[in-house]
Amino acid sequence: MATLEIHDLHVTVDTESTDRPLEILRGVDLTVKQGETHAIMGPNGSGKSTLAYSLAGHPKYTVTGGTVTLDGENVLEMTVDERARAGVFLAMQYPVEIPGVSVSNFLRTSATAIRGEAPKLRTWVKEVREAMERLQVDPSFAERNVNEGFSGGEKKRHEILQLELLKPKIAILDETDSGLDVDALRIVSEGVNRVRETGEVGTLLITHYTRILRYIKPDYVHVFAAGRIAESGGAELADKLENEGYEAYTKGGASE
Ligand code: ADP
Ligand code: MG
Ligand code: MG
């Protein structure tokens with residue numbers, strides 16, 4: 001049973017606007033086990049994406065304290081590729097364009113890198129086609145360049161397509177609900193739930209809004225404010241946030 005353990009994580013970001021690195025994460029403690037779904041909810045600017053990027057190994061973020069382990073292995077010492085191979089997956093809030101690389105090639109290259117060998121072509125083609133059907137994307141999607149000219153909904157579906165095909169141990173989904181209309185939200189949520197139901201993935205569902213939690217029921221809800229977890233609870237905590245917002249957590253803080 002894979003376990004991601006984050007202990008007292010401190011992270012700074014290099015900015016152009018300040019001469020000193022800015023401390024964004026200020027002591028994050030969180031344990032995510034395979035099979036569990038944790039919702040991380042918080043106001044804009046509280047550091048949710050910084051947490052996601054730090055776990056994935058984005059070079060712009062510097063860990064200045066604390067530990068992150070996956071089954072006892074030091075994640076912070078791993079390269080981005082090693083983290084992906086170890087089973088850490090990040091669906092970015094703002095997925096980036098990859099000019100000249102088709103969705104089809106991208107998925108196959110990723111699967112090859114993560115599995116350590118190229119997937120058998122015939123089964124792979126079928127796997128991709130079926131996953132695309134479930135996410136209700138047109139077959140021509142596979143030949144388009146990654147995220148080039150994609151709508152918000154297409155970008156998020158592409159993230160979930162990767163999630164379904166790459167089968168990570170720990171999936172970090174950063175605002176996978178943002179920019180989706182109700183139909184797309186349902187399709188994307190169903191994708192996340194299919195992966196969850198295997199019991200083989202631990203999910204870190206980062207969101208600003210409670211809307212997606214109507215479709216994806218978290219086991220735990222954490223309120224993120226000013227770079228750390230301010231409160232943890234069960235699904236009922238999301239209902240409280242829906243009614244009361246984040247104000248109680250941000251008084252006196254820098255976040256809106
Ligand atoms: P959230 O995802 O909760 O909205 P972020 O992690 O994106 O929050 O940002 C937290 C804070 O860190 C914000 O004040 C943001 O401006 C700052 N920040 C994050 N990443 C960068 C960056 N790459 N460069 C400059 N500032 C950043
Ligand atoms: Mg934000
Ligand atoms: Mg964010």
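Kindly provide the set of residues from region 168-191 that are in a loop (DSSP other than H, G, I, E, B), within 16 Å of ligand 3 (Cβ to nearest atom) and touching a residue at least 40 places away in the same chain (Cβ under 8 Å), ordered by number.
Glu175, Thr176, Ser178
Could you tell me which numbered condition Thr64 fails, if it satisfies all but one of (1) more than 16 Å from ligand 2 (Cβ to nearest atom); (2) of a type outside the set (A, V, I, L, M); (3) at pLDDT below 95?
That leaves (3) as the condition not met.
Might you check whether a residue that is more than 30 Å from Arg144 (Cβ to Cβ), touching a Leu at 6+ places or on another chain (Cβ under 6 Å) and of a type in the set (Val, Ile, Thr) occurs anywhere in region 103-120? Even if it seems obvious, please write down each step before you answer.
Keep residues of region 103-120 that are more than 30 Å from Arg144 (Cβ to Cβ), which gives none.
No, region 103-120 contains no residue that is more than 30 Å from Arg144 (Cβ to Cβ), touching a Leu at 6+ places or on another chain (Cβ under 6 Å) and of a type in the set (Val, Ile, Thr).
Across region 26-54, which residue is surrounded by the most Cβ atoms within 10 Å (Cβ to Cβ) among those that are near ligand 1 (Cβ under 10 Å from one of its atoms) and more than 20 Å from Phe89 (Cα to Cα)?
Ser46
Filtering region 93-126 down to residues that are of a type in the set (Gly, Ala, Ser) and out of contact with any Pro (no Cβ under 7 Å at 6 or more places or on another chain), which residue is surrounded by the fewest Cβ atoms within 10 Å (Cβ to Cβ)?
Checked region 93-126; the qualifying residue surrounded by the fewest Cβ atoms within 10 Å (Cβ to Cβ) is Gly116.
Can you tell me how many residues within region 44-91 are within 14 Å of Ile170 (Cβ to Cβ), part of a strand (DSSP E or B) and away from ligand 3 (no atom under 16 Å from the Cβ)?
Qualifying residue count for the region: 6.
Residues in region 197-209 that are touching an Asp or Glu at 6+ places or on another chain (Cβ under 9 Å) and either part of a helix (DSSP H, G or I) or within 16 Å of ligand 1 (Cβ to nearest atom) (or both): how many?
6
Determine the pairs where a residue that is touching a residue at least 12 places away in the same chain (Cβ under 8 Å), located within region 192-216, has a partner that is part of a loop (DSSP other than H, G, I, E, B) and within 16 Å of ligand 2 (Cβ to nearest atom) with Cβ atoms under 7 Å apart, the partner being 6 or more residues away or on another chain.
Correct list of pairs: Ile206/Glu175; Thr207/Glu175; Thr207/Asp177; His208/Asn44; His208/Glu175; Tyr209/Asp177; Arg211/Asp177; Ile212/Asp177.
Looking only at region 200-208, decide whether some residue is of a type in the set (Val, Ile, Thr), in contact with a Pro (Cβ under 7 Å, 6 or more places away or on another chain) and away from ligand 2 (no atom under 16 Å from the Cβ).
yes
Among the numbered criteria (1) among the aromatic types (Phe, Trp, Tyr); (2) assigned to a strand (DSSP E or B); (3) within 16 Å of ligand 1 (Cβ to nearest atom), which single criterion is violated by Tyr94?
(2)
The values are calculated or read from the model by the stated rules, or taken from the named source; none is laboratory data. Small disclaimer: the values here were computed from a predicted structure and weren't measured. Neighbour counts run over all protein chains shown; Cβ positions are idealised from the backbone, glycine included.
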